[in-house]
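The values are calculated or read from the model by the stated rules, or taken from the named source; none is laboratory data. What you see is a predicted model; the values in this text were computed from it and never measured. With ideal geometry, Cβ positions are generated from the backbone for all residues, glycine too; neighbour counts draw on all protein chains shown. Surface areas here come from the heavy atoms of the whole protein model, side chains and all, with no ligands, DNA or RNA. Shrake-Rupley method; radii C 1.70, N 1.55, O 1.52, S 1.80 Å.
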Amino acid sequence: LELAKSLGMNIERESKADGEILFSNGSNILFKGNSNASEADKLLGYKFSYAVIDEAQNQTNLMYLIDTVLSPAMTDYEDSRLVLIGTPPRVPHTAVEKIWKEYHEWHHYSWDMSMNPFLHNVEEYIASICRSKGMTEDAPFIQREMKGLWVWDTEAQLFKDYKT
């Protein structure tokens, strides 16, 4: 809301309670949570030309949200876009991993913190995180969260090295 105002966008109505900003040109932005299927179901009946799922790697019902809720809601627009944002997941066999590796018709983009033009002294920041946590840059956390690499955190797995 502050960003829209700072850009001089004409706001007709705003509702923090509903998570919605309606602009005078008729477009709107809607912010919603997705902690469970009933939260996702609150989006049923809407139509979207553009949807962004932030921190997609942490969404427990991601495929339900995509397949049951958002995909049908985006059919009203020929040029609709669904964007998933986040880091690689901590553990294997997640919906995000499946999308990344098997959805070849989707566009995939990847970068690390050092490529963000708004961040400065990234290597220094990473070194300070390593020092504070007592780890090296080879640690899965650093590789995944800072470098954007697909590295599993075996400490986050319930049964490490379990093979079937």
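Looking at segment 130-139, is at least one residue modelled with pLDDT of 95 or more, charged (D, E, K, R) and under 30 Å from Lys47 (Cβ atoms)? Checked segment 130-139: no residue is modelled with pLDDT of 95 or more, charged (D, E, K, R) and under 30 Å from Lys47 (Cβ atoms). Of all residues in segment 138-154, those being free of Cβ contacts under 8 Å to residues at least 12 places away in the same chain and either touching a Lys or Arg at 6+ places or on another chain (Cβ under 6 Å) or open to solvent by 70 Å² or more (accessible area, probe 1.4 Å) (or both) number 1. The number of residues in segment 90-110 that are among the aromatic types (Phe, Trp, Tyr) and closer than 15 Å to Glu55 by Cα comes to 2. Among the residues making up segment 90-111, those that are farther than 18 Å from Asp153 by Cα and either loosely packed, with under 10 Cβ neighbours inside 10 Å or in contact with a Gly (Cβ under 8 Å, 6 or more places away or on another chain) (or both) are Glu102, His104, Glu105, His107, Tyr109, Ser110, Trp111. Condition check for Met135 on (1) in a loop (DSSP other than H, G, I, E, B); (2) within 30 Å of Ser38 (Cα to Cα): one failure, at (2). Restricting attention to segment 4-37, which residues are among the β-branched types (Val, Ile, Thr) and either within 22 Å of the chain's Cα centre (by Cα) or modelled with pLDDT under 90 (or both)? Hits for segment 4-37 are Ile21, Ile29. Sub-9 Å Cβ pairs linking a first residue in segment 122-134 that is surrounded by 11 or more Cβ atoms within 10 Å (Cβ to Cβ) to a second residue that is assigned to a helix (DSSP H, G or I) and of a type in the set (S, T, N, Q), at least 6 apart or interchain, are Val122/Ser114; Glu123/Ser114; Ile126/Ser114, ordered by first then second residue. Of the strands (runs of 3 or more DSSP E) contained entirely in segment 10-89, those carrying at least 3 residues that are within 23 Å of Glu105 (Cα to Cα) and open to solvent by 40 Å² or more (accessible area, probe 1.4 Å) fall at 81-84. Residue check: Phe159 meets all listed conditions (1) of a type in the set (A, V, I, L, M, F, W, C); (2) under 22 Å from Glu55 (Cα atoms); (3) at pLDDT below 95 but one, namely (2).
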